[in-house]
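Structure first, then comments.
A short reminder: the numbers here are calculations on the coordinates, not readings from a lab. Owing to the predicted nature of the structure, the values given are computational and were not obtained by experimental measurement. Using ideal geometry, Cβ is built from the backbone for each residue, glycine included, and neighbour counts are taken over all protein chains shown.
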Amino acid sequence: MFEYVRSKKCLNIGVLADGFITWGGGVDLIKSIIRSLESIQNECNISIYLLVPSGVGYQTRRKLSILRASFIYSSKNTNFTALKKVAFKMLSPDQTCGLFDKSKNVNLVAYKYSNKCLLETAHRLNIDVIIPSIKNLGINFDIPWVGYIPDLQHLHLKDNFTDKERDSRDQVFQDMLFSANVVVVNSQFVKEDLERNYETDAVEIIALPFSPNPESVWLECGSEVSESWACNGNKYFIISNQFWMHKSHITAFKSLNLLLQEGSRNIHIVCTGSPDEYRDAGYYDSVQREVRNMGMSKNIHFLGHLDKLEQIGFIKRSVALIQPTLFEGGPGGGSVYDALSIGAYVIVSDITVNMEIEGERVIFFKSNSSEDLANKMRDLLEKETVVVDKQKLIHDGYQQAEKLGKKVMRAAYQALKYQ
C-alpha cells in the first residue's frame, strides 16, 4: 500500500489542462484532480499549479487538428457539421480559465501553446512533476511527467471507428506507453485492457480510484435551478450523456415505454447533453424518430447541453439518474460520478468497468435489457426517498477526494523516482 509523508521541500505539482479543456468530461476530471490535491495539500506539503494553454497558436492548432481528423478518419456517416462545431467554437483563453473555480490554493498559469513554452513555464515555476498529460510530451522532456490514456473503446466497439482511426489510436497509445514512465487511467478495467493489448513492461500504469466528490457549490444549489422545465409534479428519471451511439439511450426509452404500457402516464425521462455524434450525422434524428414512433414525445424531453449547475439541479430532483451505457473508460462515466456525489440514486448497466462503482445508492441492471431496467425503475418509483444529509455528503466527499489525492501523489512520486 502506498504511504506518503510530508516532504521537507515543498513539491510543485503542475496539473496540465491541455487536451482536457475542450470537452466537459475532461474539465470535470481536471477539477476532480485539483480538489483531490487540495485535500492533501498541507499534509503532503505541495503547491498546485494549473497549467492552461492559451493564445492564437492553441486555438489554431486545435481547429486544424480536429478538421484534419475529420477528413483522415471519416466514413460515409461522419457528421462533419458536428466536427466543425467543435473546431470553431473553441474557448478563448479567458473563457478557458473561467472553467475552473478560483482558489487561493491553486495557481492558475496560462502559457503559450507549444512544448517549448510549456517547458519554459514549468522551469520558471520550478515545477517538479506534471500530471496528467493526455499529450505525449516525449522522452526528452526534462521535467518528470505522468501520461494519461482515457480508454480503448476502439478495440471494443470497432464499428464506431474507421480502420485508419483504430490504427492511429493504437499508435498514439503505444507511443505514450513507450515515452512515459508512469501513466494514469480512470479504472482497473482500462489498466488491464492496456496490459492485455500493448507492450507495457517499461511503464507503470496506475488506476485512479472511483472517488465521487462534489464541488461545494453543487450542495448549495437547490431545486429552483431546474424550475425552467415544467415538471408539474410528475416524476422523472434523467440521462446526462452526450448522444453518442454507445450510450444506448434507446434502452432506457424502451424501459419507460414498458412502464407506460402498465398504465403509469406521469413518468418522464429528461435527457441532457449535446446531440452531436460526429461518427453518424443521422443518429440523433433516428433516436428522436424512434421516440415519436413509440408515442412517447410527451414523456421524453431533450434539453440539450446545460450549464453544470442546472444539470446538477435536474439530477437532484430526479427519481434517479440512469446510465445505460455499453462502454466507458471510467466507472459509470461522469454523470454517475456527479450523481453519487450529491446523494442521488443511479441505475447503471452492469458492464465490467461499472462494477468498480461503489456506493449505497447504486443499482445495477443487465446491460442492454430494457425489461430489467424497467424493473429497477419501478422499484425506485415505489421506494420512499430519503434525502442524504448535507454534512454527510461533505464528509464523504472529502474522504473520497483524499483517496484520489493519495493515488495521484503516488503517480507523481513514481514519476519523480524515474528521473
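Its Kirkwood hydrodynamic radius, worked out from the mean inverse distance over all distinct Cα pairs, puts the range 251-379 at 15.3 Å. Scalar couplings 3J(HN,Hα) for the range 267-280, obtained by applying the Karplus form with A = 6.51, B = -1.76, C = 1.60 to θ = phi - 60°, are 10, 9, 10, 9, 10, 10, x, 5, x, 7, 10, 5, 7, 8 Hz; x denotes Gly and Pro. Counting neighbouring beta carbons within 10 Å and listing from fewest to most, the residues Asp276, Asp379 come out as Asp379, Asp276. With a Förster radius of 35 Å applied to the beta-carbon distance between Asn126 and Asp175, the computed FRET efficiency rounds to 0.80. Full extension of the chain between Cys117 and Lys158 yields a length gain of 11.1 nm, computed as 0.36 nm times the residue separation minus the alpha carbon distance. Across the range 216-388, Cα pairs under 8 Å and at least six residues apart give a relative contact order of 25 percent. The trypsin sites (Lys or Arg not before Pro) of the range 314-419 that DSSP puts in a loop, and whose beta carbon has at most 12 other beta carbons within 10 Å, are Lys383. For the range 259-353, the set of GluC sites (Glu not before Pro) satisfying both a DSSP loop assignment and a count of at most 15 other C-beta atoms within 10 Å is given as Glu262. Rounded to 0.05, the FRET efficiency of the Lys104 and Ile363 pair, given R0 = 51 Å and the Cβ-Cβ distance, is 0.80. Amide hydrogen proximity for Asp276: with H placed 1.01 Å from N in the peptide plane, the residues at 5 or more positions away or on another chain lying under 5 Å are Phe243. Taking the number of Cβ atoms within 10 Å of each Cβ as an exposure proxy, the fewest-first ranking of His268, His246, His123 is His123, His246, His268. Inter-part distance, the range 318-339 to the range 162-198, computed on C-alpha centroids, equals 23 Å. With a Förster radius of 56 Å applied to the C-beta separation of Ser286 and Asp142, the computed FRET efficiency comes to 0.65.
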